[in-house]
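The values are calculated or read from the model by the stated rules, or taken from the named source; none is laboratory data. What you see is a predicted model; the values in this text were computed from it and never measured. Counting neighbours? That spans all protein chains shown, and the Cβs are built from the backbone with ideal geometry, glycine included. Surface areas here come from the heavy atoms of the whole protein model, side chains and all, with no ligands, DNA or RNA. Shrake-Rupley method; radii C 1.70, N 1.55, O 1.52, S 1.80 Å.
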2 protein chains.
Amino acid sequence: MELCRIGRVRSAHTSQQGTPIQPVFGEHADRAQLEIDAPFREALADLSGFGRIWVLTWLDRAPPFRPRVVPHRDTVERGLFATRAPCRPSPLGLSCVELLAVDAESGLLELGATDLLDGTPVLDIKPYLPGVDAFPDARAGWFGASLEEGRRADDRFNQ
Amino acid sequence: MELCRIGRVRSAHTSQQGTPIQPVFGEHADRAQLEIDAPFREALADLSGFGRIWVLTWLDRAPPFRPRVVPHRDTVERGLFATRAPCRPSPLGLSCVELLAVDAESGLLELGATDLLDGTPVLDIKPYLPGVDAFPDARAGWFGASLEEGRRADDRFNQ
């Protein structure tokens, strides 16, 4: 299982503390770019028609796997797979971000707010398909009760 | 960037031909299970409160990277990153599936319909969070015009 880096993130954030915990909680200053490497730029064709993309990343500064964590927006321990915390067995990041502009020639993608650190390796880009990906009424476990609090990360997963 | 397999898929599908092209296009016979390996079962705690999960997989039978493909539901070539075709630089699968039951002790997850082949390595499970993941009105490029056709895969990406 050999991963291939297709590019990297350019963002204003260099440590997890203070980054949005999800793109949807970010603001204008949390906007980011993706720099896609030359061999993969042809594959960006047709992407500009999509309003949102999935950015799959390698969370290169994530702490080691921990089976239980106290997630952001909660005060008790939860199973890691019931959270979006970064300390996963395979530290794969999954971010749903607004796609503002695509320059396929230079490989530069302008994004809305992200939850990603500067320099994070990008592994894949997929188009966001509402008919396939959007389930507004899905039951959201412990997270469902906490949606009005906590928009920025602290340093809890590095403790 | 070293991936860690946390388990594998159990499904009725052994080749891509005839599998749903996305979980949402599947039926009862496309239901699947995940078998999670013992070291990772503790991390399944609290997951049963969620109606849907993201299953991130290693598409071990995907063809090599191709920058352009004619995707399912279309008749012309598109940039690979504007499609969900499996022949990606990093063959990472992203499936939004219904979570029907969790047995954390045995590591068995009962899922709704999936688009996954039997034996596919599972890399990560994340809870589906509607407030973070659901954007029903996102602009869907070429895919937006084609949502009423084609629910099952053919053999096109192996040609």
Percent relative contact order for chain B, counting Cα pairs under 8 Å at least six residues apart, stands at 39
Whenever you get a sec, line up A:I6, B:I21 from highest to lowest accessible area (probe 1.4 Å, protein heavy atoms). B:I21, A:I6
Per the charge dipole of the protein assembly as shown (beta-carbon charges, Lys/Arg positive, Asp/Glu negative, Cα centre), the residue among B:Q17, A:A29, B:A62 reaching farthest to the positive end is B:A62
Accessible area of A:R139, 1.4 Å probe, to the nearest 10 Å²? 130
DSSP loop GluC sites (Glu not before Pro) in the stretch A:15-62 with at most 14 other Cβ atoms within 10 Å of their Cβ, which ones? A:E27
Comparing B:H72, B:H28, B:H13, which has the greatest mean-square fluctuation in the GNM of chain B with Cα pairs linked when under 10 Å apart? B:H28
Please compute, for peptide A:52-59, the average count of beta-carbon atoms on other protein chains lying within 10 Å of each residue's beta-carbon. 3
A:M1 and A:S15 label points (each 7 Å along its Cα→Cβ direction) are spaced in nm at 3.1
Checked against the positive end of the charge dipole of the stretch A:21-159 (+1 on Cβ of Lys and Arg, -1 on Cβ of Asp and Glu, about the Cα centre), the farthest of A:A45, A:P71, A:P127 is A:P71
Computed helical MRE - 222 nm, chain A, DSSP H runs ≥ 4 contributing -39500 (n - 2.57), nearest 500: -500 deg cm²/dmol
For the stretch A:118-159: rounded, prolate or oblate by the Cα gyration tensor [a/c cutoff 1.5]: oblate
Jot down the per residue volume, in cubic angstrom and as a whole number, of the convex hull over the alpha-carbon atoms of the protein assembly as shown. 119
Taking chain A as a Gaussian network, where each spring joins two C-alpha atoms under 10 Å apart, which residue of A:L108, A:L47, A:L129 fluctuates the most? A:L129
Using a 10 Å cut-off on Cβ to Cβ distances, tally the other chain neighbours for every residue of A:85-97 and report the average as a whole number. 5
Assign unit charges at the C-beta atoms only (+1 for Lys and Arg, -1 for Asp and Glu), then state the dipole size of chain A relative to its Cα centre in Debye, rounded to the nearest 20. 620
Suppose you put the label 7 Å out from Cα in the Cβ direction; list, shortest first and in nm with one decimal, how far B:H28 is from each other copy's label. 5.5
Let me confirm one metric for peptide B:118-125, namely the mean number of other chain beta-carbon atoms within 10 Å of its residues' beta-carbons. 3
